[in-house]
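Worksheet: one structure, shown below.
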Amino acid sequence: MPVWLREHSWRQTLTAVYLSLPLRGARATPANIFCGEQYLKVSIPPFLFEAVLYAPIDDTNSAAKIGNGNIFFTLYKKEPAMWDSLTLANADKEKLQYLRENAVLKAHEKAKEETEAKKITKQEHKKYALEATMKVEEAERKRIEDLKERERQKVAKELELWKNQGKDGDKYKSIQKKGELHHEIEQLKDGKREKMNKTRIPNEGTSKTRLKSTKGRVSCSIFSQNLREEQLPAPRAAATIKVNFTPRVFPTALRESRVAEEEEWLHKQAEARRIINSDLSELEDLKEEEKNPDWLKDKGNKMFAMGNYLGAVNAYNLAVRLNNKLPLLFLNRAACHLKLRNLHKAIEDSSKALELLTPPVPDNESARVKAHVRRGTAFCQLELYTEGLQDYEAALKIDPKNKNIEKDAEKIRHLIQGTMQSS
Amino acid sequence: AAAGPERPQVVSHIQQALSYTVFDCKWVPRSARLLCLGSAARGTGLVQLYELHGARLELLREIEKPKPIKCGTFGATSLQQRYLATGDFDGNLNIWNLEAPEIPVYSVKGHKEIINSIDGVGGLGIGEGAPEIVTGSRDGTVKVWDPRQNDTPVANMEPVQGESKRDCWTVAFGNAYNQEERVVCAGYDNGDIKLFDLKTMSLRWETNIKNGVCSVEFDRKDINMNKLVATSLEGKFHVFDMRTQHPTKGFASVSEKAQKSTIWQVRHLPQNRDIFMTSGGSGSLHLWKYEYPAQRSKKDSEGSEMGVAGSVSLLQNVTLSTQPISSLDWSPDKKGLCVCGAFDQTVRVLIVTKLNKI
């Protein structure tokens, strides 16, 4: 239950009411005071003071002063009249309640209106500020545009001037030149008749027409130009310079920002070509590089080049065990077998290589030609000439410009015809 | 760098919309005329001759050829003749008399694939020595031609037998200060830059700048080689000081990363060899000035001379288009006047002001 504060004292004038409320030691802040049009409340828990005023007051202009343990209200009456008492004496509970609530509602509304008004003024201020800045920027831009325009016009004028100067200069020069040229032609005709060859005369003709054309020229006379030609060195002796390029796998241009991506791609490709057949138990003894089919292939190639065909075959065998999807391994192993005269094995390997080299595209042309040639050679050495010829003709189909294959194919044809005739 | 109002300004004077893709644009020497070379939609080549007329370009002549044209130069022709040498998509090198363009004055199927870049030296009253044209092609070869010799090049820089080829994207002549000396610099798509000496017919220097080389140019063709600018993909360019060659380290260089996108072209101002403009894939142009170091060469620990690179400062930049500006040419007659062609099918005539104050 709140403690009512009742020891208030008041006095009034025609227009105002002065109310003094002692606080009995409680401290008051503006939040504790609630004032409506006809209702006044001070609530400092547990203290409570409320008054339903005799008549409405102007609550916006009224004031409350807090100090000295006292609140001093200055309330301005809406209508100047003397009040019989501070509060409505004969107010019943309901009316009081109603007034109270009304006051609260009104206060709320007022508060809302105030915030609305504040918002609106704020927006207007913003708009104004924006417009002002826009104007300033516009002015600045215009100033710069004007400067630029002036510059442009100045420069355009200069250009016209330069152009016209050029034209006039040329006209004047051409008139001069015509005179000079005629004079020179006379002189030179007399002096250099022997030296003049047929080509000079058409030159004279064209030079006259050229002078009449509108194209500008500075030029020396044609004769001094021809003299200059004699002073020009002869065309250079033709030569070729061989060029090596910084190696690059990709056909696209080099960009720094893509280098990392490209490295990664290459790395992944290399990884993919490594161990496809995982026979891990046997492979554990191998050294790291020996597990790489590409490395083994290179080893095999080197040994082939040195003549160590058995070694090469071993290398290729191991590589095949690691990755039996690389056609080049079979191709090269076929070559080794040919040298070792393991003709059946050579045929097997060439066939396997050809199988792996599908689809037949321009990229694996050279590989397929080699495969056919090797198989063909093996067939011929086994005296299966028709099969051999088939392979040679397939090779020729892929690479019709290869003379060696053509020659060999011819030889085989003769052989076949020879055996047919003799049988 | 120069203060704000004193900086050179790039003023866009004329913009001309074209109905074809323009690959190269060149000023006709000693005139207010320019050429646009390119490819029409139906796959033929076009050469258009324009003249400056007030605030617009007037089309004087249009020549159509069977194959799209990629590049052209006046570098090897005399001032009187002003024949245009062009390289086309089929690998043909042709020299045209623009007054009578039906039949070329010189024609050769120089390469198996598109000629990406062309340069000429010995003409226009600049320098001495034989007039020569160099072409670089996607077939990986760089060939030097003399218009007086038909069918065969006077120099051929080709890949070693069995070597896979790389695209040659750009070529430039340099060091042509007397009748004998001449070098060709070539840039390739794998980042290689190679310097070929034509007097000794050998490779004089090579390096790799880690990005495909889009454009190389010496600051002057007709002097003892001074500076070489090479631009590349990924927005970088390198300026090499070509006066001092170290036996192992080659030439000193400074590099700059200017834009996020490819730098398509570099062109030095004909009237001032330390100022050059780069054009970028983002449609922007950057104007640069090179400053020499206090000493251009110093001795290394073993006593050999090595070059010292200077520094590059940005004078101005401007964005003109949303598409790459693929070609750029300064007028040799009017300082600051330049033309550029972009892949938005527009050719623009620009004027760069205040270059006298640099």
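Among the residues of the stretch A:253-268, those that are exposed (fewer than 11 other Cβ atoms within 10 Å of the Cβ) and of a type outside the set (D, E, K, R) comprise A:Ser257, A:Ala260, A:His267.
Residues are listed down the side, and each one gets a yes or a no for (1) under 29 Å from B:Thr322 (Cα atoms); (2) open to solvent by 40 Å² or more (accessible area, probe 1.4 Å); (3) in a strand (DSSP E or B):
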position: B:Phe240; (1), (2), (3): no, no, yes
position: B:Thr244; (1), (2), (3): no, no, yes
position: B:Ser253; (1), (2), (3): no, yes, yes
position: B:Gln259; (1), (2), (3): yes, no, no
position: B:Ile275; (1), (2), (3): yes, no, yes
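Applying the condition of being open to solvent by 60 Å² or more (accessible area, probe 1.4 Å) and within 14 Å of chain A (Cβ to nearest Cβ) to the stretch B:1-42 and asking which residue is modelled with the highest pLDDT yields B:Gln15. Scanning the stretch B:45-56 for residues that are over 26 Å from B:Asp90 (Cβ atoms), touching a residue at least 40 places away in the same chain (Cβ under 8 Å) and open to solvent by 10 Å² or more (accessible area, probe 1.4 Å) yields B:Ala55, B:Arg56. Candidates A:Glu149, A:Glu113, A:Glu137: the one that is under 60 Å from the mean Cα position of the chain (by Cα) and open to solvent by less than 100 Å² (accessible area, probe 1.4 Å) is A:Glu149. Filtering the stretch A:389-403 to residues that are open to solvent by less than 30 Å² (accessible area, probe 1.4 Å) and of a type in the set (Asp, Glu) leaves only A:Asp391. Do you know which of the residues in the stretch B:321-331 that are within 17 Å of the chain's Cα centre (by Cα) and assigned to a loop (DSSP other than H, G, I, E, B) is surrounded by the most Cβ atoms within 10 Å (Cβ to Cβ)? Among them, the one singled out is B:Ser331.
Yes or no, residue by residue, for (1) acidic (Asp, Glu); (2) away from chain A (no Cβ under 14 Å); (3) under 20 Å from the mean Cα position of the chain (by Cα):
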residue	(1), (2), (3)
B:Thr319	no, yes, no
B:Asp333	yes, no, yes
B:Gly341	no, yes, yes
B:Val349	no, no, yes
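Count of the stretch B:298-320 residues, restricted to those that are buried (at least 16 other Cβ atoms within 10 Å of the Cβ) and assigned to a strand (DSSP E or B), is 6.
Does the stretch B:146-167 contain any residue that is under 26 Å from B:Arg220 (Cβ atoms), within 17 Å of the chain's Cα centre (by Cα) and of a type outside the set (Lys, Arg)? Checked against the condition, which is being under 26 Å from B:Arg220 (Cβ atoms), within 17 Å of the chain's Cα centre (by Cα) and of a type outside the set (Lys, Arg), the stretch B:146-167 yields no hits at all.
Of everything in the stretch B:190-203 that's surrounded by fewer than 19 Cβ atoms within 10 Å (Cβ to Cβ) and more than 7 Å from chain A (Cβ to nearest Cβ), which residue is farthest from B:Leu269 (Cα to Cα)? That would be B:Thr200.
The single condition among (1) at the interface with another protein chain (Cβ under 9 Å from one of its Cβ atoms); (2) of a type outside the set (Phe, Trp, Tyr); (3) open to solvent by 10 Å² or more (accessible area, probe 1.4 Å); (4) in contact with a Gly (Cβ under 7 Å, 6 or more places away or on another chain) that B:Thr207 does not satisfy is (1).
Among residues of the stretch A:243-261 that are within 8 Å of chain B (Cβ to nearest Cβ), those with a Cβ under 6 angstrom from a residue that is part of a strand (DSSP E or B) and not charged (D, E, K, R), sequence gap 6+ or separate chain, pair up as A:Val243/B:Met157; A:Val243/B:Pro159; A:Thr246/B:Asn208.
The single condition from (1) open to solvent by 10 Å² or more (accessible area, probe 1.4 Å); (2) farther than 24 Å from B:Leu355 by Cα; (3) within 11 Å of chain A (Cβ to nearest Cβ); (4) of a type outside the set (A, V, I, L, M, F, W, C) that B:Arg82 fails is (1).
The values are calculated or read from the model by the stated rules, or taken from the named source; none is laboratory data. Since the structure is predicted, the reported quantities are computational estimates derived from the model, not experimental observations. FYI the Cβ positions are ideal-geometry reconstructions off the backbone, even for glycines, and counts take in every protein chain you see. What goes into the accessible areas is simple: the full protein's heavy atoms, side chains included, and nothing from ligands, DNA or RNA. Shrake-Rupley method; radii C 1.70, N 1.55, O 1.52, S 1.80 Å.
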